[in-house]
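Working notes for the structure below.
Where a number appears in this text, it was derived from the coordinates with a stated rule and is not lab data. These numbers were taken from a predicted model, which means no experiment stands behind them. Reconstructed Cβ throughout: ideal geometry from the backbone, glycine too, with neighbour counts over all protein chains shown.
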Amino acid sequence: MIYLIDEKLERQLSYGWPNSRFDAYKSNIIRVLNHKELQEISSQVILEDGNIVLLHDSFFKNLKISEKDAEKFKTKIKESKRIKSYVFFGGSYDSIYINEGNLEVKDDIFYSHLESYLQSNTKKVDILAYGEIFKHEEFSHLKNDIWTYLFLFKDEHLLNKEEKFEILKMSNYDERISEILKNKISVLVLKTELNKWTI
């Protein structure tokens, strides 16, 4: 189950999320709008196996909950080994930060990609960060990582077994890269192949 913990209905409305839009996903998501609801559900239930926690950074602040209690709850979420992932979102996050399947992101980005996330089978937090283009973003990072590695060598350098293995690891053993690396190959040839490479 996904738990969306955000106390402001007005904020949700301002980002295009009225109750009716949430109703379409009520089998996947439970909204927690105040401290009473949070206590009724309990952190024990929220942090059960496979759950996902989406927490707005102002939830405790605006409800006049002590900073200490707020930090304790956030720490419980971060340290939970049972939940699938967590997302902290709000105005205090200036950039996208993804770490071990968890995310910190601005609230406008979060709400603009929430529907794609709810519709996805994988529930990867990358979708909340980049929307439907996350595969392109992932792909760009991969190409960039390989290019950065290749710049360690001269164009005419023939890649040896260890160097090919390093590139394969970087590409998560992508079949296309694996196929290219089966042959004797120079850095220049691999760069040329990467330039042709598209999703």
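Show me the ranking of peptides 110-120, 96-106 by mean Cβ neighbours inside 10 Å, starting with the highest. Don't skip to the answer; put the middle values down first.
Values: 110-120: 18.8, 96-106: 15.8.
With the highest mean Cβ count within 10 Å placed first, the list reads 110-120, 96-106.
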What is the Cα convex hull volume of the stretch 2-119 when expressed per residue in Å³?
106
Note the full-extension length gain between residue 78 and residue 10 as 0.36 nm times their separation in residues minus their Cα-Cα distance, in nm to one decimal.
21.7 nm
What length, rounded to one decimal in nm, is gained on full extension from residue 136 through to residue 100, with 0.36 nm per residue of separation minus their alpha-carbon distance?
11.0 nm
Ranked on Cβ counts within 10 Å of their own Cβ, fewest leading, 125, 189 go 189, 125
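Looking at the chain, send over the antiparallel percent of its DSSP beta bridges, to the nearest 5.
Restricted to the chain, the bridges split so that about 20 percent are antiparallel.
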For residue 164, the lysines lying under 16 Å Cα to Cα, once residues fewer than eight places off in the same chain are dropped, come out as 143, 154, 182, 184, 191
Kirkwood-based shape ratio for the stretch 1-69, expressed as Rg/Rh from alpha carbons:
0.96
Among 9-20, 84-95, the order from most to least packed when residues are scored by Cβ within 10 Å on average:
84-95, 9-20
Please list, or write none, the aspartates and glutamates whose alpha carbon is within less than 12 Å of the alpha carbon of residue 74, excluding same-chain residues fewer than 8 places away.
57
Roughly how large, in nm² to one decimal, is the mean projection of the convex hull of the alpha-carbon atoms in the chain?
13.6
Post the alpha-carbon centroid distance, the stretch 22-86 to the stretch 136-171, in whole angstrom.
41
Over the Cα atoms of the stretch 136-196, compute the convex hull volume and normalise it per residue, giving Å³.
74
